[in-house]
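Asks: Structure provided below as structure tokens; questions to follow.
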Amino acid sequence: MQTPPSLPLKKPKTFMLLGVGLLILGIFYVLGLMMNGVMLAIPAMREQNPALRLLDQDATYAAIHYASLVLNGFLGVVAIVAGIGLMKSRNWGRMLGITWAAVTILSTPLGLWVTTKYVQPATAAEMQKEMSKSGAPAEVGDTILKITNVLTYAFLFIWVVFCIVMIIFLSRDKMKAWCRLQETQTQVPG
């Protein structure tokens, strides 16, 4: 017979830490979506961004870009709601946090593919054009592109590790038991 995990006497700090973290991440997702919308709506801003100019040139990229915006908006809202649920020690917040992390991990290869297939080449071409205008050697642009690639992969690795750690923490028996305790204490007998 399995013994239940010992219940903590006070709320585990993981709930508040992950809750606040998800709330902040969700807000950044939504702000990023809004900023992207503004950049798309203002022609002068759209013209300055090579990745946004590409929307007018490549229908496949445009479809992927808009689908990505919808996915990121959805993930932002889910992160905000999950963060609030976690701060209140609700089991639905815990489950939503796990779902958010899983969907984020699953969508990471798509984001990496879009970045390497569309965004980085468009940005590199723009950078090379600007470098040649300014008379800078081509090696400078190549070095910047290599640094950008390394930073992209490093960020994605850290992002996936964060999501995995979050799933592990929220899946612990102690977290489930605390949520059950909170649910039984808040139920009104009737």
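Asks: Just need a number here: residues in the range 47-67 that are open to solvent by 40 Å² or more (accessible area, probe 1.4 Å) and either touching a residue at least 60 places away in the same chain (Cβ under 8 Å) or among the small types (Gly, Ala, Ser) (or both).
Replies: Of the residues in that region, 5 qualify.
Asks: So, one more: Checking PRO4 against (1) open to solvent by less than 70 Å² (accessible area, probe 1.4 Å); (2) modelled with pLDDT under 90, only one condition comes out false. Which one?
Replies: Condition (1) is where PRO4 drops out.
Asks: Here's a follow-up. As an exercise: evaluate LEU156 against (1) part of a helix (DSSP H, G or I); (2) open to solvent by less than 40 Å² (accessible area, probe 1.4 Å); (3) free of Cβ contacts under 8 Å to residues at least 12 places away in the same chain and give the number of the one condition it does not meet.
Replies: (3)
Asks: Find the residue count for the range 159-185, including only residues that are open to solvent by less than 80 Å² (accessible area, probe 1.4 Å), at pLDDT below 90 and not charged (D, E, K, R).
Replies: Residues meeting the conditions: 6.
Asks: In addition: Residues of the range 120-136 being surrounded by 13 or more Cβ atoms within 10 Å (Cβ to Cβ) and either in a loop (DSSP other than H, G, I, E, B) or touching a His at 6+ places or on another chain (Cβ under 9 Å) (or both), which ones?
Replies: ALA136 - this is the single residue of the range 120-136 that is surrounded by 13 or more Cβ atoms within 10 Å (Cβ to Cβ) and either in a loop (DSSP other than H, G, I, E, B) or touching a His at 6+ places or on another chain (Cβ under 9 Å) (or both).
Asks: Further, regarding this structure: Just wondering, is there one or more residues in the range 96-109 that are part of a helix (DSSP H, G or I), on the phi < 0 side of the Ramachandran plot and out of contact with any helix residue (DSSP H, G or I) (no Cβ under 8 Å at 6 or more places or on another chain)?
Replies: yes
Asks: Still on this structure: Hey, any hits in the range 70-84 for a residue that's surrounded by fewer than 16 Cβ atoms within 10 Å (Cβ to Cβ), within 30 Å of LYS146 (Cβ to Cβ), in contact with a helix residue (DSSP H, G or I) (Cβ under 7 Å, 6 or more places away or on another chain) and not aliphatic (A, V, I, L, M)?
Replies: The answer is no; no qualifying residue exists.
The values are calculated or read from the model by the stated rules, or taken from the named source; none is laboratory data. Since we're looking at a predicted model, the values are computed, not measured. Methodologically, a virtual Cβ is constructed for each residue, glycine included, from the backbone with ideal geometry; neighbour enumeration extends over all protein chains shown. Note: areas computed on protein heavy atoms with side chains; ligands, DNA, RNA excluded. Shrake-Rupley method; radii C 1.70, N 1.55, O 1.52, S 1.80 Å.
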